[in-house]
1. Working only within segment 30-42, note down all residues that are more than 16 Å from ligand 1 (Cβ to nearest atom) and either modelled with pLDDT of 95 or more or surrounded by 19 or more Cβ atoms within 10 Å (Cβ to Cβ) (or both).
2. Can you tell me which residue within segment 201-221, out of those that are in contact with a strand residue (DSSP E or B) (Cβ under 9 Å, 6 or more places away or on another chain) and among the polar types (S, T, N, Q), is farthest from ligand 2 (Cβ to nearest atom)?
3. Six or more apart or on different chains, Cβ under 7 Å: which pairs go from a residue in segment 110-123 that's within 21 Å of residue 45 (Cβ to Cβ) to one that's β-branched (Val, Ile, Thr) and part of a loop (DSSP other than H, G, I, E, B)? Could you list them?
4. Filter segment 115-144 for residues that are outside any loop (DSSP other than H, G, I, E, B) and surrounded by fewer than 17 Cβ atoms within 10 Å (Cβ to Cβ); which is nearest to the chain's Cα centre (by Cα)?
5. Only residues that are small (Gly, Ala, Ser) and surrounded by 19 or more Cβ atoms within 10 Å (Cβ to Cβ): list them for segment 148-182, please.
6. Go through segment 60-80 residue by residue and tally those that are small (Gly, Ala, Ser), more than 13 Å from the chain's Cα centre (by Cα), under 21 Å from residue 189 (Cβ atoms) and more than 8 Å from ligand 2 (Cβ to nearest atom).
7. Among (1) open to solvent by less than 30 Å² (accessible area, probe 1.4 Å); (2) at positive phi, there is one condition residue 185 misses while meeting the rest; what is its number?
8. From 176, 198, 163, 168, grab the single residue that is away from ligand 2 (no atom under 16 Å from the Cβ), at pLDDT below 95 and farther than 20 Å from residue 42 by Cβ.
Amino acid sequence: MKLWQLAPLALVGCTGNGELGGTLACDPDGEEERTASCIEELSLGPGAGFGALDFPNVIFGEPRGGGVSKGSTDVLSLGRGGVVTVGFDGGVISNGPGPDFLVFENPFAIGGDITHPFKELGEVSVSEDGENWVTFVCTQDTYPFTGCAGWNPVLAGSDPTIDSFNPDEAGGDPFDLADVGLESARFVRIRDISNAGDAGTAGFDLDAVAIINIAPPSRTE
Ligand SMILES: [Ca+2]
Ligand SMILES: [Ca+2]
């Protein structure tokens with residue numbers, strides 16, 4: 001049993017400064033998970049709050065997208081400048097063909113125009129060891145917002161036939177480890193760079209993170 005299953009509420013906001021008051025450490029020897037299943041870091045920014053009562057489950061598992069024109073409410077709002085780092089028990093992201101993992105926020109196309117999304121962008125970094133990080137270059141000023149998270153509507157979850165792990169149909173924001181020169185990654189860190197939003201729902205709203213190309217954990221440690 002994991003710590004968060006014992007006392008999830010006690011872990012959120014209990015330090016009074018937005019820091020995670022405990023650790024939901026990842027278990028490389030655990031059962032293989034293709035969606036985020038552990039938390040290495042949570043630092044909520046001003047205006048966070050939405051989803052906190054359902055944390056961490058609200059960001060675990062597959063996305064619950066609402067389709068092109070509707071954003072998911074199964075999300076954790078990070079607040080302005082907030083940061084979350086997730087990991088995956090029993091597996092790592094591996095650099096295979098094309099994108100290797102997907103980040104799901106809750107953007108939607110305003111007026112059905114996919115080039116004009118309502119968005120709160122996040123910057124994404126990855127790490128193999130939790131100490132050394134590389135960050136995807138995020139084009140945050142103009143569409144397409146390549147390299148950022150939080151701008152492609154989430155289709156997975158809106159229709160049961162959609163595969164959350166297929167980048168051609170799931171929606172969400174794709175990331176390729178080749179773009180940052182890594183062959184594998186154990187952790188994904190998302191930092192709100194929108195610095196925007198209403199109190200309670202400010203900043204990047206994380207629904208889920210899914211591995212497309214997965215490999216067993218390295219045993220070299
Ligand atoms: Ca790749
Ligand atoms: Ca979710």
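1. 33, 35, 36, 37, 38, 39, 40, 42
2. Here is the first cut: in segment 201-221, the ones in contact with a strand residue (DSSP E or B) (Cβ under 9 Å, 6 or more places away or on another chain) are 201-218.
When the remaining residues are screened for being among the polar types (S, T, N, Q), the result is 201, 213, 218.
Values: 201: 14, 213: 21, 218: 28 Å.
Per the criteria, the residue is 218.
3. Sorted first by the residue in segment 110-123, then by its partner, the pairs are 121/193; 122/193; 123/193.
4. From segment 115-144, those outside any loop (DSSP other than H, G, I, E, B) are 117-118, 122-127, 133-135; that's our starting set.
Restricting the remaining residues to those that are surrounded by fewer than 17 Cβ atoms within 10 Å (Cβ to Cβ) gives 118, 133-135.
Working: 118: 18, 133: 16, 134: 16, 135: 14 Å.
Among them, the one singled out is 135.
5. Scanning segment 148-182 gives 149, 150, 156, 157, 164, 170, 171, 172.
6. Residues flagged as small (Gly, Ala, Ser), more than 13 Å from the chain's Cα centre (by Cα), under 21 Å from residue 189 (Cβ atoms) and more than 8 Å from ligand 2 (Cβ to nearest atom) within segment 60-80 amount to 1.
7. (2)
8. On the way: 176 fails: at pLDDT below 95; 163 fails: at pLDDT below 95; 168 fails: at pLDDT below 95.
Result of the check over 176, 198, 163, 168: 198.
The values are calculated or read from the model by the stated rules, or taken from the named source; none is laboratory data. All of these numbers come straight from a predicted model, not from anything done at the bench. In this analysis, Cβ positions are derived from the backbone assuming ideal geometry, glycine residues included, and neighbour counts consider all displayed protein chains. Note: areas computed on protein heavy atoms with side chains; ligands, DNA, RNA excluded. Shrake-Rupley method; radii C 1.70, N 1.55, O 1.52, S 1.80 Å.
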